[in-house]
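Asks: Below is one structure. I have some questions about it.
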Amino acid sequence: EKIGKMEPEGQSSAERCMFAMRILGVVVGLTLIGYGVAMLFVGSAQDLRAVIANLYLACFGILIVLAEMRWSYMLQYFKFLRNGFGLGGFYIFVGFMALSSDWWCYIVLACCCAVGAGYCGSACMCNDPLHAEEKPEGAVA
């Protein structure tokens, strides 16, 4: 009996790392949603480009949250989010899109790039962990 061990039984370090990346991904997605919606109300209403960019950030944040929850209905339309390389590239793209003059946008960029690099790195391994989570056709849960 191991006292003080915080990790669940039978969970490898790779699974714990993927779980931590998913949690960080949901936090990043929710931050993008909040930033995009907030900037629609407090940002410059005359700048059409900023309004469109903030709408995109909010939509991409929703897409990130749904991708991290592995919602299969959504993933059938956005198949590039099914593997680690596609999801990682999407994180990096959205991170650079979130850059603005605010100092904390660099923190969002760093988190997006860290999660994106983690997913891209996991996809470069022999066994993509996102494909390991999917169950084959006809499999019983």
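The values are calculated or read from the model by the stated rules, or taken from the named source; none is laboratory data. Keep in mind that what you see is a predicted model, and the values were worked out from it rather than measured. Cβ atoms come from the backbone with ideal geometry, glycine included; neighbour counts cover every protein chain shown. The protein model used for the area step is the full one, side chains on, heavy atoms only, and it has no ligands, DNA or RNA in it. Shrake-Rupley method; radii C 1.70, N 1.55, O 1.52, S 1.80 Å.
Asks: Place a point 7 Å from the Cα of A117 along the Cα-to-Cβ direction; which residues of segment 78-94 have their backbone N under 19 Å from it?
Replies: Answer for this model: 84-94.
Asks: Could you check how much of the accessible area of segment 20-124 is carbon and sulfur, as a whole percent, using a 1.4 Å probe?
Replies: Summing carbon and sulfur atoms, their accessible area is 73 percent of the total for segment 20-124.
Asks: Multiplying the sequence separation of Y77 and V42 by 0.36 nm and subtracting their Cα-Cα distance, what value in nm do you get?
Replies: Taking 0.36 nm per residue and subtracting the Cα distance, the gain is 9.3 nm.
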